[in-house]
Amino acid sequence: MGRTRRFRGAGAGRDLLPAGRAPTCRQDDRPPEPDPRRHDQAVDQAQERPAASLPAWDGEADGDLHRLRARSRNPLRRRQAPRVHGLQAPALPAALVREGARSCDSARPAQAEARRRGSRRQSLGADSCGRRARSPSVTATPGGPPVLVLGVRRSGTTLLRVMLDRHSELAVPDESYFVPQLADRHLRHVEPDEFVDDLRRIDTLAEWDVPLDKVRARLDARMPIGAAIATVYAVYAAERGKSRWGDKTPMYMQNLRLLERLFPDALFVHLVRDGRDAALSFLSMPPGLMTETWMQPRSVATFACQWRTEVRAARRLGRRVGDERYLEVRYEDLVGDVEPVLRRISDFARLPYEPEMTDYAGNVDVSTKPHQQSLRQPPTAGLRDWRLQMSPEDVGAFDQVAGDLLDELGYETHERPDAAG
């Protein structure tokens, strides 16, 4: 008890530290702090290397370690209903607004540290000090590359999802949430029976009505974890008579590097909305759907911080993968004139445009989703308008935190309409 344990296999001779302790990185191996504003300019100017894909399999003994780790983890936890919080947050005093801007600069120390640990844990093919492994050749996804919809919450991603899901060749299910969990548990490769056993614990797959026996039939021993997760989506699509699949889970804006490595041929469609309108929509969601955490901000300033961080992260992803795999579209354009935007997306995704994609009103079940009732009607511009619905204090708070990105995206800033006009 309490003594250092050793594992005899690949990497034999290296100590495994007691549970709960991580090895210390050498000074030159330490990854940079996730400081969005401080590092934006350096990141924008740097010529980033292509992200490492899943590393090559390097031995049976590594598989023993993989199974040991998988068994030692707790089973996948079922999603729990969030605790109830009120709809409105009080306006921030000027001092707190300034503090909110400073906290965004450091992404809040505790939150930044949590994301740093999470990103390192979920960086497939990286060791505990953040060093990346070798990059194998990219394997094309059977049927065609997946289409991953990116966007900050309340940016219209659900609207775009239901439109794309109406396409005869593309299946885009509701939010998944399980991708980081599965990637974290199974690391590089999967053992099929253990992987399917984990799938049985995921409520989402039961809601999707995915036949797990058909998933198991498609799995190969030592299949890379990305390919195994893609198999789940492929079976979902096949059950609906479609050859291509996609995903829309705004929470994955915190896991873009992971998506990039799991699905190395994926196409990314980034839907951007004016963050002030997105904040109005998010902060008006019914009680019980949101909780007050970094992932669930409950004030305009904290939402602005998250909006800025996630939009910048997605745009950096676009620079890494290039225009052939990244398309940025505006929510305002989508609801203003839907057909040209859907044609752009269809061309980008290598799909024929189908007018039926706009015929979703009345065909989407939102009876249990009070925050998605606007899907009962065709695309409608002006559902939220920060110029009329946001207080001057909140406009100023958002601008102090994310005004630079609003300017960069071409959104109006520093002005409010004349009340008399």
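The values are calculated or read from the model by the stated rules, or taken from the named source; none is laboratory data. The model shown is predicted, which means the values in this text are computed figures rather than measured ones. Using ideal geometry, Cβ is built from the backbone for each residue, glycine included, and neighbour counts are taken over all protein chains shown.
Points to keep in mind about this one:
- Count of the stretch 191-207 residues which are surrounded by 15 or more Cβ atoms within 10 Å (Cβ to Cβ) and either part of a loop (DSSP other than H, G, I, E, B) or in contact with a strand residue (DSSP E or B) (Cβ under 9 Å, 6 or more places away or on another chain) (or both): 2
- If you check V152, V138 for being modelled with pLDDT of 95 or more and assigned to a loop (DSSP other than H, G, I, E, B), only one passes: V152.
- In the stretch 299-332, the residues that are at pLDDT below 95 and surrounded by fewer than 19 Cβ atoms within 10 Å (Cβ to Cβ): E332
- Among (1) touching a helix residue (DSSP H, G or I) at 6+ places or on another chain (Cβ under 9 Å); (2) under 18 Å from V172 (Cβ atoms); (3) in a helix (DSSP H, G or I), the one test that V210 misses: (3)
- Residues of the stretch 321-350 that are more than 22 Å from the chain's Cα centre (by Cα), touching a residue at least 12 places away in the same chain (Cβ under 8 Å) and assigned to a loop (DSSP other than H, G, I, E, B): R350 alone.
- Within the stretch 262-277, tally of residues that are crowded, with 24+ Cβ neighbours inside 10 Å and in a helix (DSSP H, G or I): 3
- When we screen L187, L160 for residues that are at positive phi and among the aliphatic types (A, V, I, L, M), the only hit is L187.
- The combined condition, being assigned to a loop (DSSP other than H, G, I, E, B), buried (at least 18 other Cβ atoms within 10 Å of the Cβ), out of contact with any strand residue (DSSP E or B) (no Cβ under 7 Å at 6 or more places or on another chain) and touching a residue at least 12 places away in the same chain (Cβ under 8 Å), is not fulfilled by V215.
- Checking D174, D209 one by one, the residue that is at negative phi and of a type in the set (D, E, K, R) is D174 and no other.
- Test for A234: is it closer than 26 Å to S346 by Cβ and either surrounded by 22 or more Cβ atoms within 10 Å (Cβ to Cβ) or β-branched (V, I, T) (or both): yes
- Residue count for the stretch 192-201, restricted to those that are in contact with a helix residue (DSSP H, G or I) (Cβ under 8 Å, 6 or more places away or on another chain) and either of a type outside the set (D, E) or at pLDDT below 95 (or both): 5
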